[in-house]
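Only the coordinates and a few stated rules stand behind these numbers; no lab work does. Everything numeric in this text was worked out from a predicted model, so none of it was measured. As a convention, Cβ positions derive from the backbone with ideal geometry for all residues, glycine included, and neighbour counts pool all protein chains shown.
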Amino acid sequence: MRYISTRGDTPPLSFSDAVLTGLAPDGGLLLPESIPDFSSRQADLAGMRYSSLAVEIFSAYIDDIPKQDLKELVRAAYETFDAPDVAPISALGERYVLELFHGPTLAFKDVALQLLGKLFGYVLERRGGQLNILAATSGDTGSAAIAGVRGLNNVNIHVLFPDGRVSPLQELQMTTVPDENVHCYAVRGSFDDCQRLIKSAFEDLELKDRLHLGAVNSVNWARVLAQTVYYAYASLRLGALGPVSFTVPTGNFGNIFAAYLARRMGFPVDRLIVASNANNILPVYFTSGAYRRGDVHHTVAPAMDIQVASNFERYLYYRLGCDPRALKQAMKQFADSGTVDVPGEAAEPEMMAAIAVDDDEIRRTIDRIWRHYGYLLDPHTAIAVAASERFDCAGPMVCVATAHPAKFPETVDAAVGQPLARHPSLDALKGKPVRRGVLDANLTDVVGAMEAAP
Ligand SMILES: *Cc1c(COP(=O)(O)O)cnc(C)c1O
């Protein structure tokens, strides 16, 4: 299987090259040349354990890593999880919750980043060479990326976060990691400043080459691929009850895009509901066909405080008939004017629909679900549960749980009126030694810090 760019100006890449490259050199996102079809294999896949299913799916997409090695990479990636089946399913009244927060940093990003770290280590060991990962975070991505690559001897990771603007717990999850290849910097500026710094570093091709820069954000194809597994797994587990619908708390569109792919791979997936917070660019798009940029609103579900979803380009590519020229035109129109219209999108709500949930409803949902079921939701998962209640589906409805409630104790405890949101791994962070640098928001200082790192 080879990987092509949505923008059509990159020669096809192998899987390993796609993983190391991240964003395509033409500025597009990488996708497989074709989507493997699993529809005739459902009977043998249905009884498989999570890790075996993962190996079956990965080997249809990866032909430059032997299956035996894939098996070992998957085993190593998921041995850090505290649930043997990686993504357990709980019943919540008539609905289901797919718990993706059993990894080392308690957010769904671990499912993909644990695997990505193992892939980086494996590919670099065989080829030789080093990677300097540069990432910006407003919370969950930084700690999950660090947990994925800590201790690798051919990878250094440098994480930028806005000084004083990530939650104290999330900062400790990053800055208490003792491994020498981990470097965290509080940047005197906003999250947007951090992202701008990363973007200008990656756009400087001479710098990118000299520092061997690598990316771990959700444009990396391996992250999407890893995420398709839990949709396949859940749809096969519940598929006897009818085609399975998913409601996904959405920010950069990476998680729900994996669900869309699982549907196209022939797994028994029915409707997909995009659940947004007050940043409602996607709900507006899915009801009107107009994709229109707005200002970022800060909410109690901060991992979704995003206006322009980077993975949306992959979805748009398929919507526009896999035509890179039409896609490029749409992206240019969006970049120039902040708006693009996609004819026909709003006409297909039976496949994908979207809804926005505000902070008040998030808090009420956390409280209500706790009182009815004794089940504690994090604010992001609460958005999915609230959104799912507005839709009727013939088969099972699965709400995707993207974080453990203990990651957001202020909001969760206030919503239920008691201090319930705890997790031993987060309690254990308090009092540990902290390592972090402080930088001004300019590229010279960031590059200087990266070059000075051991
Ligand atoms: C990253 C994140 C999301 C958003 O996922 P996308 O793939 O960016 O749509 C939702 N919830 C939590 C807790 C997250 O960390």
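With a simple spin-label model that places each label point 7 Å from the Cα along the Cα-to-Cβ direction, the separation between L45 and S90 comes to 2.7 nm.
Taken about its Cα centre, the stretch 349-454 carries a charge dipole of roughly 540 debye when the Cβ of each Lys and Arg holds +1 and the Cβ of each Asp and Glu holds -1. Which is farthest toward the positive dipole end of the chain among L236, S14, F246, measuring Cα position about the Cα centre, with Cβ charges +1 (Lys, Arg) and -1 (Asp, Glu)? Farthest towards the positive pole: L236. The 3J(HN,Hα) values that the Karplus relation (6.51, -1.76, 1.60; θ = phi - 60°) gives for the stretch 97-112 are, in residue order, 10, 9, 7, 9, 10, 9, x, x, 10, 6, 9, 4, 4, 4, 4, 7 Hz. Gly and Pro appear as x. Taking a ≥ b ≥ c as the square roots of the eigenvalues of the alpha carbon gyration tensor, the stretch 155-247 is prolate, as a/c is not under 1.5 and a/b beats b/c. Dipole of the stretch 1-137 computed with +1 at Lys/Arg Cβ and -1 at Asp/Glu Cβ about the Cα centre; of A87, A43, G128, farthest Cα towards the positive end is G128. Binning the alpha carbon pair distances of the chain at 10 angstrom intervals from zero yields the distribution 4, 21, 33, 29, 11, 1, expressed in whole percent. Only beta bridges with both residues in the chain are counted; by DSSP, about 25 percent of them are antiparallel. The modelled label-to-label distance between L241 and L443, using points 7 Å beyond Cα along the C-beta direction, is 5.2 nm. If R0 is taken as 22 Å, the Cβ-Cβ distance between S59 and R325 corresponds to a FRET efficiency of 0.10. For R271, the amide hydrogen comes within under 5 Å of the amide hydrogens of S245, F246, counting only partners 5 or more places away or on other chains and with H modelled in the peptide plane. Listed peptides 148-158, 229-239, 286-296 appear in the order 229-239, 148-158, 286-296 once ranked by packing, highest mean of other Cβ atoms within 10 Å at the front.
Backbone geometry of the stretch 305-321 corresponds, through the Karplus equation with coefficients 6.51, -1.76 and 1.60 at θ = phi - 60°, to 3J(HN,Hα) couplings of 7, 9, 9, 9, 7, 5, 7, 4, 4, 5, 5, 4, 4, 5, 4, 8, x Hz, x marking Gly and Pro. Each part reduced to its alpha carbon centroid, the stretch 100-123 and the stretch 249-311 end up 22 Å apart. Computed about its Cα centre, the charge dipole of the stretch 50-99 is approximately 80 debye, with only Lys, Arg, Asp and Glu carrying charge at their Cβ.
Rounded to the nearest 20 debye, the dipole magnitude of the chain is 420 debye, with +1 charges on Lys and Arg beta carbons, -1 on Asp and Glu beta carbons, and the Cα centre as origin. Highest mean first, the peptides 221-227, 48-54 sorted by other C-beta atoms within 10 Å per residue fall in the order 221-227, 48-54. Along the stretch 357-373 the Karplus relation, 6.51 cos²θ - 1.76 cosθ + 1.60 evaluated at θ = phi - 60°, assigns HN-Hα couplings of 10, 8, 4, 4, 5, 4, 5, 5, 5, 4, 5, 5, 5, 5, 5, 6, 10 Hz to successive residues, with x for each Gly and Pro. Measuring between their Cα centroids, the stretch 18-60 and the stretch 331-364 lie 26 Å from each other.
Among the lysines of the chain, pairs that are 8 or more positions apart or on different chains and have alpha carbons within less than 25 Å of each other number 20. Extension gain for the segment H423 to R435, taken as residue separation times 0.36 nm less the Cα-Cα distance, is 2.1 nm to one decimal.
Helical content alone sets the calculated 222 nm signal of the chain at -13000 deg cm²/dmol, taking -39,500 (n - 2.57) per DSSP H segment of four or more residues and averaging over every residue.
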